[in-house]
Structures are given as C-alpha cells and as structure tokens.
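The values are calculated or read from the model by the stated rules, or taken from the named source; none is laboratory data. None of these values were measured; they are calculated from a predicted model. As a convention, Cβ positions derive from the backbone with ideal geometry for all residues, glycine included, and neighbour counts pool all protein chains shown.
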Amino acid sequence: MNQQFNGLDTEDVISVYEGHVFVNSKTFTVNEFMAAIKQANKGVLGEVTDEKQKWFGEGLDCKLLKPGAKTWQRGKVRVRLEFCPEELEVTPEVNGNNEQNGSASPLDDIRKFADKAN
C-alpha cells in the first residue's frame, strides 16, 4: 500500500467502518471532526485560548528533532486530518471489437474511418 497521505478539505465527508471517535456518527465532515476535537480539547484543558486555537489553524511555533538529525529544526506544528487511499488494482479493459480486428488501440478504428474520409 502506498503510504502517501493527503490533506482533506473541511467539507470532505468521511465514513469510518467501526467506532465513534469524537463524533457521534460513523459518517461526518472534516469540519465536524475538527469541531469535536476542539470541543474535547476544551473539556480536558479548560477554556479555549488563542494559543490552543493555533493547534488547529496557523500552527504553533515549535522545534523538531528527527532521528539522526544533528540539530533542531524550527517551524510550526498543527493538527490536521489526512487520508491515505488504498491502491486499486488496474486491470486492462478488453474491447471485443479490437480483439477481433487486431487493433492495438480503441482509437485505431476511428483513425481508419477518418483516413477513408480524406
């Protein structure tokens, strides 16, 4: 499986297969999920402050140390929901007409017709 995660837009809809995590439904938008996370954060950590809001918006100033790195890297960190699609098996489509006449491409028949017209 390709582990390429992509950021999601706030109106993208997610449906999970099991469990209700933060949202009381198995189907929800990214916006609903982020609002539920913020609400849970408020319940655990008390009042919502600008500093806490930065976790979900512009990001919080930080520094990062990766394994093997010699120095810290300055930047920002934020909470973001991402999606990693499963790889689909691609099977070649078989066109009955192309198999019978030996055409290599479905467009070959159109090309032959266009050549005859000229």
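Quick notes on this one:
- Qualifying residues in segment 69-118 (those that are small (G, A, S) and surrounded by 10 or more Cβ atoms within 10 Å (Cβ to Cβ)) - the one modelled with the lowest pLDDT: S103
- Test: K66 is at negative phi, modelled with pLDDT of 75 or more and not in a strand (DSSP E or B): yes
- Within segment 50-75, the set of residues being within 21 Å of the chain's Cα centre (by Cα) and charged (D, E, K, R) comprises E58 only.
- Residues satisfying the stated conditions in segment 1-22, i.e. at pLDDT below 75 and either more than 16 Å from L81 (Cβ to Cβ) or of a type outside the set (A, V, I, L, M, F, W, C) (or both): M1, N2, Q3, E18, G19, H20
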